[in-house]
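Each reported figure results from applying straightforward, stated rules to the coordinates on display, with no laboratory input. Just so it is clear, the structure is predicted and the values come from calculations on it, not from any experiment. FYI the Cβ positions are ideal-geometry reconstructions off the backbone, even for glycines, and counts take in every protein chain you see.
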Amino acid sequence: MIALLLSQLWLLGLGLWALRSGTPCKDYSPTSWLALIGAGIAPLATASLLALRPDMAEVVVEALPAALQTAAPSVGLSDAAWLAPSPDIMRLALLVYAVVALWLLVRLGARTLALHRLPAREVEPGVYLIQADLPPFALGLPRPRVVVAEQLWESLSERERAMLLAHERSHLSRRDPEVTGLLLVLQSLLWINPGMRWLVAGWRRAVEIRADRAALQDHAPRDYAALFARLARASAAPSLPVPTACAPNTHPKGEMTMRLKTILNETHTTRRTPIAALLLGSVLSLGTIAAAGPAAELAEPMPIKRVPPIMPASCPGLLDDGAPAFDFATIARKVPAGVDGTPGGYMGWSDVGEVRVKFDVDIDGVPQNISVVSANADCFRVPSVASVAKWRFPAGAPAYGVENMIRYRLAFSPGEKPMEAIRKFAG
């Protein structure tokens with residue numbers, strides 16, 4: 001319960017911060033907004049998983065009253081009942097939450113379906129005209145297309161149509177309608193927290209600015225600004241939730257000002273993703289997972305003892321035509337000649353072998369059933385199996401089908417060319 005409350009406050013705080021940062025002429029990139037949304041919902045998702053584990057929830061609830069009882073004289077509480085609501089209250093709250101979320105999802109789905117079912121005729125590939133008085137917008141799957149009101153389309157010049165289509169096709173090329181739909185679903189599920197709505201609004205503002213810039217690549221800023229103002233007069237406020245719309249009256253007044261200033265090339269800075277928010281979101285998620293219980297086991301256990309393989313003295317067939325293709329990566333550094341007559345030149349090493357092994361780990365941590373999945377040369381198979389047989393893993397955690405990559409490096413002396421050393425090794 002506490003984890004859910006804290007994660008909701010974290011999401012709300014990010015939303016408030018996003019609302020404050022959305023000032024005119026300053027914004028984050030769409031990718032940064034998606035990262036912020038992820039940082040906001042990650043702790044909430046992990047806290048929800050914790051809430052679904054009754055055993056851990058009981059441990060947390062039982063530990064709270066004693067701690068708060070000690071602090072009662074200072075906070076004026078005699079118990080922690082407000083942090084541990086009765087099951088009946090919890091069930092009622094969950095029912096109300098689910099009913100509202102379901103209603104919002106159904107409404108969103110019905111309105112989106114109505115958009116896709118609008119009677120339309122195609123005037124050019126991917127461009128459809130409708131009779132409804134809606135601002136131009138892009139529709140995604142199952143049939144990506146640009147939709148424009150017929151009356152508006154007929155009133156536009158060829159240049160204005162080109163700018164409008166450049167804007168909307170930018171949305172289609174970057175899958176903005178599909179991402180918008182997913183974010184609106186997430187917003188409906190988290191309807192109780194306005195922070196999610198503010199974060200999604202920031203993302204939608206960012207994609208509109210990005211589409212405006214795409215339209216400005218081949219057109220004059222003032223021409224596009226004139227089209228922007230014309231759309232504000234021509235299109236009424238939409239009665240349906242258009243996923244993307246370049247009409248300014250579909251967005252807040254402050255955003256219209258910001259977009260106009262961006263179009264006219266006034267000062268605009270694209271800020272980077274706030275790393276601190278992402279790091280804090282990750283820490284909160286990890287902390288919540290730790291509170292939920294032991295961390296999940298790794299799919300591939302880490303060895304506590306790893307014995308390196310013995311490099312074979314030579315490897316006949318390494319350069320044969322029938323050998324698997326391999327990239328002989330080389331790292332070398334130049335060394336000067338020594339005063340004692342030692343030659344100068346390059347020294348370093350080259351990757352010459354790569355073997356993928358597969359094995360099981362028994363209850364004692366000893367590898368069993370070791371086999372070679374792939375190898376670029378046969379000479380590396382035997383030493384790889386012998387090396388893995390000496391590895392050891394933590395006892396009490398058997399695993400099956402563990403795979404690992406073993407690499408072999410060939411050192412070469414100063415003055416010796418890497419390929420000459422490889423050919424000598426292969427002979």
> How much FRET efficiency would the formula 1/(1 + (r/R0)^6) give for residue 131 and residue 329, where r is the Cβ-Cβ distance and R0 is 51 Å, rounded to 0.05?
Replying inline: 0.20
>> Using each residue's phi in region 389-398, evaluate 6.51 cos²θ - 1.76 cosθ + 1.60 at θ = phi - 60° and report the 3J(HN,Hα) Karplus result to the nearest Hz, with x for Gly and Pro.
In response: 4, 9, 6, 9, 10, x, 6, x, 9, x
>> Using the Karplus curve 6.51 cos²θ - 1.76 cosθ + 1.60 with θ = phi - 60°, what ³J(HN,Hα) values do you get for each residue of region 4-19, in whole Hz, with x for Gly and Pro?
In response: 5, 5, 5, 5, 5, 5, 5, 5, 5, x, 4, x, 4, 5, 5, 5
>> Along the Cα→Cβ direction, 7 angstrom out, place labels at residue 9 and residue 382. What is the inter-label distance in nm?
In response: 6.6
> How many nm is it between the label spots at residue 158 and residue 351, if each spot is 7 Å from the Cα in line with the beta carbon?
Replying inline: 5.5
> Relative contact order for region 330-426: what is it in percent, counting Cα pairs under 8 Å that are at least 6 residues apart?
Replying inline: 35
> Spin-label point model (7 Å from Cα, Cβ direction): what's the residue 362 to residue 97 distance in nm?
Replying inline: 4.9
>> If you take every residue apart from residue 406 with its C-beta less than 13 Å away from the C-beta of residue 406, what net charge results, scoring Lys and Arg +1 and Asp and Glu -1?
In response: +4
> Once amide H atoms are placed 1.01 Å from N in the peptide plane, what residues at a sequence separation of 5 or more from residue 391, or on another chain, have their amide H within under 5 Å of its amide H?
Replying inline: 307
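Near residue 182, within a Cβ-to-Cβ distance under 15 Å, what is the net charge of the other residues, with Lys and Arg +1 and Asp and Glu -1? Can you show the working numbers first?
Numbers: positive: 174, 175, 197, 204; negative: 176, 178.
Combined, the nearby Lys, Arg, Asp and Glu give +2.
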> Residues with amide H under 5 Å of residue 149's amide H, sequence separation 5 or more or different chain, H placed in the peptide plane at 1.01 Å from N; which?
Replying inline: 130, 134
> Near the amide H of residue 192, under 5 Å away, which other amide H atoms are found, from residues 5 or more places off or on another chain, if H is placed in the peptide plane?
Replying inline: none
> Taking neighbour counts of Cβ atoms within 10 Å as a proxy for exposure, in what order, fewest first, do 129, 9, 227 appear?
Replying inline: 9, 129, 227
>> Kirkwood hydrodynamic radius, computed over distinct alpha-carbon pairs, for region 85-235: how many Å, to one decimal?
In response: 17.4
>> Based on Cα coordinates alone, diagonalise the gyration tensor for region 330-426, multiply each eigenvalue by 5, take square roots, and list the semi-axes in whole Å, largest first.
In response: 38, 15, 9
> Tell me, what HN-Hα J-couplings in whole Hz come from the Karplus equation 6.51 cos²θ - 1.76 cosθ + 1.60 at θ = phi - 60° for each residue of region 147-152, using x for Gly and Pro?
Replying inline: 10, 9, 5, 4, 4, 5
